[in-house]
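Quick note: the coordinates plus some simple rules give every number you see, no bench work behind them. Just so you know, these numbers come straight off a predicted model, no measurement behind them. Note: ideal-geometry Cβ built from the backbone for every residue, glycine included; neighbour counts use all protein chains shown.
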Amino acid sequence: MLSDIHGNLEALDAVLEALADEPIDRYLCLGDIVGYGASPNACLDRVTGLTTDVIAGNHDHAAIGKLDIATFNQFAADAALWTRRQLTPEGRRYLAELPYTRQIDDLYAVHASPAKPEDWTYLTSPWLADEAFDAMPGDIALCVLGHTHTPGIFEIRTAQDRSRQIPAATLGLESECRYIVNVGSVGQPRDGDPRAAYCVYDTGERRIEIKRVSYDVETAQRKIRAAGLPDMLAERLAHGR
Ligand code: ZN
């Protein structure tokens, strides 16, 4: 499971290379393929070649004018306008047709939150996670998402009504619990670890693992600067902030 690639081809390729060694039978992309990074079209090509299980992120919508960039900070807005100029007509059409949510077997995928996905809420607390659990389809025990660029797991016991955040990167799912897993960001991590984040779900063992892999940050930075994108977008990659 991949999320928040953000036009960072170097990070995406490092993740795909790491996953090539694992028995992956299905890839999921949780949105924000573009925005911030210098390789939006190449990242779109990679994702469309990999899977049809893809949902929309707010930056995907901003890049095609489907979301008003007045809600974005200056760096994000500049990057959205730059990305808008780079996209091919096919890329634009593809992004326009992505759904907000997708149910894949026993798993529910959304970019930001199951509670009003089109509001792009940042799921940053157990309180917000409670709302999100309420909005999940009743028969679903596992929701995967991205958006905050910070990997993490929320758990709620069926018999209780309050969720808690679990400080673990690997977790065996229990049958009496429901989970929301933030898979982290491939192309712009913000948890202080600059390595690309991704997540593997072993459906047989019911085991979630959030993983990290180093990538060629310097090349991604050089391409951002060469494209004339805000320097801050290059700088932050080195710090994972
Ligand atoms: Zn994002």
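Quick notes on this one:
- Here the Gaussian network model covers the chain, with springs between Cα atoms less than 10 Å apart; of 163, 175, 39, 175 fluctuates the most.
- More than 20 angstrom apart: percent of Cα pairs within region 9-238: 58
- 3J(HN,Hα) couplings calculated from phi for region 97-105 with the Karplus curve 6.51 cos²θ - 1.76 cosθ + 1.60 (θ = phi - 60°) are, in sequence order, 9, 5, x, 6, 9, 7, 9, 10, 6 Hz; Gly and Pro show x.
- Approximate spin-label separation residue 118-residue 42, in nm, with each point projected 7 Å along Cα-to-Cβ: 3.5
- If you run the Gaussian network model on the chain, springs between alpha carbon atoms under 10 Å, then out of 215, 179, 94 the most flexible one is 94.
- The simple spin-label model puts a point 7 Å past each Cα toward its Cβ; for residue 52 and residue 232 those points are separated by 4.1 nm.
- Neighbour counts of other Cβ atoms within 10 Å put 60, 105, 216, 4 in the fewest-to-most order 105, 216, 60, 4.
- For the chain, built as a Gaussian network whose Cα springs stay under 10 Å, the top-fluctuating residue of 101, 170, 203: 203
- Cβ crowding within 10 Å ranks 236, 157, 92, 85 as 85, 157, 92, 236, fewest other Cβ atoms first.
- Order of 83, 150, 71 - criterion: other Cβ atoms within 10 Å of each residue's Cβ, fewest first: 71, 150, 83
- The modelled label-to-label distance between residue 157 and residue 202, using points 7 Å beyond Cα along the C-beta direction, is 2.5 nm.
- Net charge, residue 104 excluded, C-beta distance under 10 Å - Lys, Arg +1, Asp, Glu -1: -1
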